[in-house]
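Some notes on the structure that comes next.
The values are calculated or read from the model by the stated rules, or taken from the named source; none is laboratory data. If you're wondering where the values come from, they're calculated on a predicted model, not measured in any experiment. Cβ: placed from backbone, ideal geometry, glycine included. Neighbour counts: every protein chain shown. SASA here: full protein model, heavy atoms, side chains in, ligands and nucleic acids out. Shrake-Rupley method; radii C 1.70, N 1.55, O 1.52, S 1.80 Å.
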Amino acid sequence: MLMTGGLCTGVCAPRLTSPDGRIAVETDINSNGHPVYSVTFDGKPVFKDSALGLKADEADFTIVTTATPGEITTHDSEWNPVWGEFATIRDHYNEMPLELTTPDGKKLTVRFRVYDDGMAFRYEIPEQGSVNYLTLRDETSEFNLADDLTLYCIPGDYDTDERLYIQTPMSELGENMNLPRHTESSLIPGLAVQTPLLAKRNDGNLYINIHEAALKGYPAMALDADPADLSFKSHLTPDRNGVRAYLQAPFTTPWRSVIISEDAPGILASQLILNLNEPSAIEDISWIKPMKFVGVWWEMFIGKNRTWAYSDKYNAKPGITDYSALPSNGRHPANTENVKRYIDFAAANGIDGVLVEGWNEGWEDWGGWRKNRQFLFDKAYPDFDVEEIQKYAAEKGVKMIMHHETAANAADYERQLDRAFQFMNDHNYPAVKTGYVGHVIPRSEYHSSQWMVDHYNHVAQCAADYKIMVDSHEAVRPTGMIRTYPNWIAQESARGGEYEAFGGNPPEHTVMLPFTRLKGGPMDYTPGLFEMNLPAYGEGSESKGLTTLARQLALYVTMASPLQMACDLPENYERFPDAFQFIRDVPLDWADSKWLEAEPGDYITVARRDKNSNDWYVAGVTDENSRTAVIDFSFLEPGKKYTATIYEDAPNADFRTNPQAYSIRNIKVDAKSKIKQHVAPGGGFAIRVKPN
């Protein structure tokens, strides 16, 4: 039975269930006066009693005397994303508010929602007396596991998510968290992990993803871990003074989200986090368009004696900014003629846009973290003719994507935002890639603090006013805010494809991301690497991509995003035109998605239907082990015949020894077809299924 009200004083246990009845949440007050909740799935415990509460200088909501459940309501609707994995998403849940009262009479509401694919809760602070301005010191939300689950996680860090995942039993987490430290000063003290966190029960009948949704006006949440008690507690990013957040009532926190499934494909299919976000705040969405692009970027990453900076003679002293008087170093690829070459390639291959990094003033010594480092976003280097490139791209039917690297000088970026976005409008740039490499200015902030969370959301909102799409790098991990600001078309916020130039991403990495980071929103991973022997590019490059060529094609489908880069050099695509055809063809917006096989860190096989045609695209990736994928085509329309063009690893392909070995073949399929597909070690496959 669903309780519809009453008074709880530590004796009763209000219960809320999912619409299908499989997930149940119970709330109570324990013997210490702490409000707690617990969760079961199919009658088996997921979380044992876990604390709730907030603690501020002005109020302590961790000890309560009463917990009064409000009326349970049911919501069931459908909505249509501007872009994404589905054309239509169902939003179906049961909801219950729980009003907490502290011993001194202060009020806090915890609102619970339970869906068929998970549960969530958030805190709502009402206006009350004189306590309306809160200096938040802690959030005591707990996620106490009922079993010793296997975790897939990265270490907690205030500044970066660019790490490799580990797999470990919760009870052994401390022993297995010895990973290379990306930014020593920003690692969370003690034992902590980042969200989204994936965990599974050893019997394989329970998978959960712990994260948050609708992050705004609040710092990002990581999780303090206690392996002995199998418990997690929320850990909010502080400012350098130790304050978690400055709040003014009435205030609503982000949702604490838990996706729950009996199998791995259920985690991938869940739209829980998007459902927990508010509908689009942008009324006219006609200008928001998925984009495929190439860019002046990779040649700088892989060596080739290239540099982002225009001149080696720049004097970094304040006041000397006359670049026109400086000689070019001759190694600056963001120049007019080179950009035209990329525009020509994009136009010839039906690629929507070209991104140019290093076009603007400010790149000299940016990696040296000058105290007052500054980029100018309406000032081009002398060898980058903005007007000429604008005209040339327009003649070729290609859109330009601007790059705004801030070097984490976020305060100065906000000062320039309107001028920068107006400059983009004046030169027909519909999208911007933002970057935040380095220590944040103002210096009291981390990349995931309250101030920076507000900054990222402000940039997305301001960009919408100028009808500009945003792709943010080095920003806080996404929490589904793309529903509210669908112009926030992609983020990085994880270890991306650029690391192929720094030693490579192990194959299991991109089989983990869809279960973790991608649950918050799409990633600008930058797939499409065709030349894995990076030392071939010369001095400054000592890496080898840990992938097969066919796998790179598969990533466009297994890691769906409305913004996808073809990262490699044009000349490498020209060497493999038949394989590049898949990148030309693959859509970026989907009507439907079906996960056929999946296991975190091991393999994924997914089928997606193009939103603008009746074509299906099927793709699969594996870890370092070869496997045989089984593809059941029952998702096709019965009675119709299709031609499947299969881009696959050759029989002798291997990501370590023979990564470029691939083959392409055509077969006939229908809804009754079922095929076995070879996948090489570290490999993948991509299939276009077209009606006859």
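General remarks:
- Among residues of region 432-446, those that are open to solvent by 10 Å² or more (accessible area, probe 1.4 Å) and in a loop (DSSP other than H, G, I, E, B), counted: 8
- Condition check for E531: open to solvent by 10 Å² or more (accessible area, probe 1.4 Å), acidic (D, E) and in a loop (DSSP other than H, G, I, E, B): yes
- Among the residues of region 646-660, those identified as open to solvent by less than 30 Å² (accessible area, probe 1.4 Å), touching a residue at least 40 places away in the same chain (Cβ under 8 Å) and out of contact with any helix residue (DSSP H, G or I) (no Cβ under 8 Å at 6 or more places or on another chain) are I646, D654.
- Tallying residues that are in a loop (DSSP other than H, G, I, E, B) and either in contact with a helix residue (DSSP H, G or I) (Cβ under 7 Å, 6 or more places away or on another chain) or not polar (S, T, N, Q) (or both) within region 481-517 yields 17.
- Filter result for T102 (open to solvent by less than 20 Å² (accessible area, probe 1.4 Å), in contact (Cβ under 8 Å) with a residue 24 or more places away in the chain and of a type in the set (V, I, T)): yes
- Qualifying residue in region 70-81 (condition: part of a loop (DSSP other than H, G, I, E, B), closer than 30 Å to R608 by Cβ and in contact (Cβ under 8 Å) with a residue 24 or more places away in the chain): yes
- Scan region 631-684 for residues that are closer than 27 Å to L529 by Cβ and hydroxyl-bearing (S, T, Y) and the total you get is 5.
- Checked against (1) modelled with pLDDT under 95; (2) in a helix (DSSP H, G or I), G362 meets all criteria but (2).
- Of the residues making up region 161-202, those that are at pLDDT 95 or above, open to solvent by 30 Å² or more (accessible area, probe 1.4 Å) and among the hydroxyl-bearing types (S, T, Y) are Y165, S171.
- Contact map, region 417-436: first residue on the phi > 0 side of the Ramachandran plot and at pLDDT 95 or above, second residue among the basic types (K, R) and part of a strand (DSSP E or B), Cβ cut-off under 9 Å, separation 6 or more or different chains; pairs are N428/K399.
- Selection count, region 657-692, where residues are outside any strand (DSSP E or B) and either within 18 Å of N614 (Cα to Cα) or small (G, A, S) (or both): 9
- Enumeration of residues in region 571-612 that are in a helix (DSSP H, G or I) and surrounded by fewer than 20 Cβ atoms within 10 Å (Cβ to Cβ): E571, N572, E574, R575, P577, D578, Q581, R584, D585
- Residue that is touching a helix residue (DSSP H, G or I) at 6+ places or on another chain (Cβ under 6 Å), among the aliphatic types (A, V, I, L, M) and either part of a loop (DSSP other than H, G, I, E, B) or open to solvent by 40 Å² or more (accessible area, probe 1.4 Å) (or both), where the choices are I267, I282, I343, I288: I282
- Any hit, region 179-202, residues being under 23 Å from I273 (Cα atoms) and more than 20 Å from the chain's Cα centre (by Cα): yes
- Among the numbered conditions (1) open to solvent by 10 Å² or more (accessible area, probe 1.4 Å); (2) modelled with pLDDT under 95, the only one that S543 does not meet is (1).
- For A536: the one exception among (1) over 27 Å from E299 (Cα atoms); (2) assigned to a helix (DSSP H, G or I): (1)
- Just one of the listed residues (R137, R163) is outside any strand (DSSP E or B) and basic (K, R), namely R163.
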